[in-house]
Amino acid sequence: MPDDLPASNQLLINTTQAVFGLIGLALLWNEWRNRHHHRPALVKWTVSPLQFIQSALCVVLGGVVLHTVLIQTLGDQSDVLWNLLVPGGAFSVGLIVGALVAALGLPAAPRQDASLPRATLLGAKAFLIIIAVALASSFLWRAVLKILGIDAPQQELIDHFVRADSPGPLLALSFVAIILAPVAEEIVFRAGLFRYLLGRVPRWIALVLPAVIFAALHDNLASFFPLVVLGVFFALAYERTGRLIVPIVAHALFNLNTILVVLNGGGE
């Protein structure tokens with residue numbers, strides 16, 4: 001990436017994020033105002049604790065096995081980006097494969113009314129709302145860290161986006177961040193843990209606990225609280241619509257937006 005991006009890029013970034021945020025706030029206010037007129041579409045997951053544990057083990061095993069096989073086959077590479085990208089991508093693919101295998105032994109979920117195009121549009125709507133809450137939570141979290149005198153560096157993956165100097169690594173990183181990670185993480189944390197907890201524990205625990213684990217696994221203090229907030233809103237979008245594609249689309253668009261901000265100098 002060039003070291004000296006034009007100042008107009010920063011203006012464009014700020015303007016775009018402000019527009020997204022304002023639209024998201026309006027959508028959030030409308031959802032809040034009409035909250036009593038919408039019933040959650042997500043039905044209770046009728047699986048036993050044993051079935052859930054077996055499914056969770058299958059998903060995790062899929063990730064671990066594919067990750068291990070790839071590492072054993074290819075070995076350690078001298079390229080830091082390779083060591084970050086390939087194992088992480090393999091683990092995400094393994095989680096997805098493990099989830100598909102686990103689903104074969106579980107009762108089929110009831111079909112939801114929202115068609116795929118409509119669910120995709122709902123995902124885009126959720127993304128705009130999430131941008132608004134992400135901007136607010138990031139601002140508050142940075143202020144808290146500053147008051148506490150804590151210097152928290154940005155995520156390592158963002159550094160690699162900033163330093164990438166050729167299209168190949170950028171495309172590979174983008175594919176993992178925009179496609180693989182949202183699908184794998186939404187399957188694990190929303191379709192898996194959140195859906196299982198919903199109705200079995202107080203609702204706030206079902207919303208917050210998977211979000212905290214989701215944020216903690218990113219292993220970055222600077223983004224921890226904003227990621228918790230994002231995880232909660234991804235779960236709310238899933239609960240509200242009953243379609244996993246909605247938080248997947250919202251998650252993918254959020255990651256795409258982050259990448260575009262970073263590539264235009266907004267992450268430095």
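When GLY242 is tested against (1) touching a Leu at 6+ places or on another chain (Cβ under 6 Å); (2) on the phi < 0 side of the Ramachandran plot, only condition (2) is not met.
Looking at PHE214, PHE189, which is the one that is touching an Asp or Glu at 6+ places or on another chain (Cβ under 9 Å) and either part of a helix (DSSP H, G or I) or surrounded by fewer than 20 Cβ atoms within 10 Å (Cβ to Cβ) (or both)? Walk me through how you get there before you give the answer.
Values: PHE189 fails: touching an Asp or Glu at 6+ places or on another chain (Cβ under 9 Å).
The unique qualifying residue is PHE214.
Here the condition is being in a helix (DSSP H, G or I) and either in the same structural domain as ALA103 (by TED's automatic domain parsing) or under 28 Å from ASN14 (Cα atoms) (or both); of VAL208, VAL228, it holds for VAL228 alone.
Taking residues in segment 30-59 that are free of Cβ contacts under 8 Å to residues at least 24 places away in the same chain, and partners anywhere that are outside any loop (DSSP other than H, G, I, E, B), not one pair has Cβ atoms closer than 7 Å while being at least 6 places apart or on different chains. So, in segment 67-93, of the ones that are more than 23 Å from GLY168 (Cβ to Cβ) and modelled with pLDDT of 80 or more, which residue ends up surrounded by the most Cβ atoms within 10 Å (Cβ to Cβ)? Among residues in segment 67-93 that are more than 23 Å from GLY168 (Cβ to Cβ) and modelled with pLDDT of 80 or more, the one surrounded by the most Cβ atoms within 10 Å (Cβ to Cβ) is THR68. Per the conditions (1) modelled with pLDDT of 80 or more; (2) surrounded by fewer than 15 Cβ atoms within 10 Å (Cβ to Cβ); (3) not in a helix (DSSP H, G or I), the sole criterion not satisfied by ALA41 is (2). Pairs only if they're at least six apart or on different chains, beta carbon under 7 angstrom, first in segment 140-159 and closer than 18 Å to HIS218 by Cβ, second at pLDDT 75 or above and of a type in the set (S, T, N, Q); list them, first residue then second. As it stands, the answer is GLN155/ASN220; GLN155/SER223, since those pairs meet every condition given. Every condition in (1) at pLDDT 80 or above; (2) among the small types (Gly, Ala, Ser); (3) more than 30 Å from VAL59 (Cα to Cα) holds for ALA181 except the one numbered (3).
If you go through segment 219-268 and pick out every residue that is in contact (Cβ under 8 Å) with a residue 40 or more places away in the chain, charged (D, E, K, R) and farther than 20 Å from THR16 by Cβ, you end up with 3.
Among the listed residues GLY192, GLY231, GLY199, GLY242, which satisfies the condition of being modelled with pLDDT of 95 or more and closer than 24 Å to VAL43 by Cα? Give the steps one after another, and end with the answer.
Numbers: GLY192 fails: modelled with pLDDT of 95 or more; GLY199 fails: modelled with pLDDT of 95 or more; GLY242 fails: modelled with pLDDT of 95 or more.
Step by step, each of GLY192, GLY231, GLY199, GLY242 is checked, and only GLY231 is modelled with pLDDT of 95 or more and closer than 24 Å to VAL43 by Cα.
The values are calculated or read from the model by the stated rules, or taken from the named source; none is laboratory data. On a predicted model such as this, the values are computed, not experimentally measured, just so you know. Virtual Cβ from ideal backbone geometry, glycine too; neighbours counted across all protein chains shown.
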